[in-house]
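Notes follow once the structure below has been shown.
The values are calculated or read from the model by the stated rules, or taken from the named source; none is laboratory data. Here the structure is a predicted model, which is why all the values come from computation and not from measurement. Quick reminder, even Gly has a Cβ in these numbers, built from the backbone with ideal geometry, and neighbours come from all protein chains shown. Keep in mind that these areas ignore ligands, DNA and RNA; they rest on the heavy atoms of the full protein, side chains included. Shrake-Rupley method; radii C 1.70, N 1.55, O 1.52, S 1.80 Å.
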Amino acid sequence: MTEVIQAQDVSFFYEDKKHRRTDALRNVSLKVREKELLSVVGPSGCGKSTLLKLLSGLLQPSSGTIVKTALADSTSAYIAQASSLLPWRTLLQNACLGLELRGRLNETTVEQVMRAITEYGLRGFEHYMAEALSGGMQQRVAILRAVVSEPRLLFCDEPFSAIDFVTRLRLNGVFKRMCQVYGITTVFVTHNIEEAIFLGDRIVVLSAHPGRVVAEYIPDLPAAVAHDAVRCRETSEFSALFNQIWNDLQVAHDS
Ligand code: ADP
């Protein structure tokens, strides 16, 4: 598989006005491959958001290199933890924004957006103004807006964290399938081990303070449940990998 982004020995520190440094990431090396969904999992504060900003080019490494192919420089989208919608637009108008900005809004793509609105459980609300939607609903719009615009690369910073657990489980499956159907290369950071396992074609585990890569896995989940976030959790493959990642994080925490 072609590598789209390659991070080699990347370290990053923040520095405040008094030159006090916070080491966020140390010697991180990883690859993002074309059309895969790469999960990056680790505890809060381990540098996941920083890593995502580095991979997407919003930040530059303090040391180390990030090499990108032409694909990585083509269309990309970024879903933040709390994405804001344009308050003067309706749900549908917000959902169409990505396509509109890319000059790809037409009857067919609006139909696609409407289908996604249904799949994300928002049918019936499409003409509501953004501010009349709950925080979780707004976040769902932000997620589907990014996916339906079919970016070549999608960077996701815990996008489901503001969404209630039951909805989140269902939408994880919808999201995974859409990324696969559209062939979107996705980097998905989360502190939720279960979400990382369910979504990831590959999983990179980060330790805390500063973030280092401690393990990497390719989940081998039964195909029959690969798009069902609930049934997936009932399999022995899922439990084994969960325990493995849990142990990795405990060892990293204690060392
Ligand atoms: P995560 O996404 O895993 O929660 P972050 O990448 O947000 O972690 O943060 C990694 C570390 O860098 C944390 O110790 C955090 O306090 C620190 N940090 C994040 N952003 C800044 C910033 N703008 N200035 C200073 N320190 C920061």
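First measure r as the distance between the Cβ atoms of residue 244 and residue 93, then evaluate 1/(1 + (r/R0)^6) with R0 = 30 Å and state the FRET efficiency to the nearest 0.05.
Working: r = 45 Å, r/R0 = 1.49.
Efficiency, from the Cβ-Cβ distance: 0.10.
Estimate the FRET efficiency between residue 127 and residue 251 by the formula 1/(1 + (r/R0)^6), using the beta-carbon distance for r and 41 Å for R0, to the nearest 0.05.
Details: r = 52 Å, r/R0 = 1.26.
Working from the Cβ atoms, E equals 0.20.
If each of residue 220 and residue 9 carries a label point 7 Å out from its Cα toward its Cβ, how far apart are those two points in nm?
It works out to 3.4 nm between the two label points.
Once you charge only the Cβ atoms, +1 for Lys and Arg and -1 for Asp and Glu, what is the size of the charge dipole of region 167-255 about its Cα centre, to the nearest 20 debye?
Working: 8 positive and 10 negative charges, 73 e Å.
Dipole magnitude for region 167-255 comes out near 340 debye.
Rolling a 1.4 angstrom probe over the protein heavy atoms, how many square angstrom per residue are accessible across the chain?
Details: 11980 Å² over 255 residues.
Dividing the accessible area of the chain by its residue count gives 47 Å².
Under 17 Å from the 7 Å Cα→Cβ point of residue 115, by amide nitrogen: which residues of region 138-153?
144-151
Contact order normalised by length for the chain, with contacts defined as Cα pairs under 8 Å and 6 or more residues apart; what percent is it?
26 percent
Output the relative contact order of region 125-193, whole-number percent, from Cα pairs under 8 angstrom with separation of 6+ residues.
Normalised by residue count, the contact order of region 125-193 is 39 percent.
Modelling each spin label as a point 7 Å along the Cα-to-Cβ direction, I'd like the residue 29/residue 1 distance in nm, to one decimal.
So the label points at residue 29 and residue 1 sit 1.9 nm apart.
Using a Gaussian network for the chain with springs between C-alpha atoms less than 10 Å apart, which of these wobbles most: 56, 83, 207?
In this elastic network of the chain, the residue with the biggest mean-square fluctuation among 56, 83, 207 is 83.
Full-extension gain between residue 181 and residue 19, please, as 0.36 nm times their residue separation minus the C-alpha to C-alpha distance.
53.6 nm
What Kirkwood Rh does the chain have if only Cα atoms enter the pairwise 1/r average? Answer in Å. Intermediate values should be presented prior to the final figure.
Values: mean 1/r = 0.0530 Å⁻¹.
18.9 Å is the Kirkwood radius here.
Using DSSP to call loops (not H, G, I, E or B), can you name the chymotrypsin sites (Phe, Trp or Tyr not before Pro) in region 1-104 whose Cβ has at most 10 other Cβ atoms within 10 angstrom?
88
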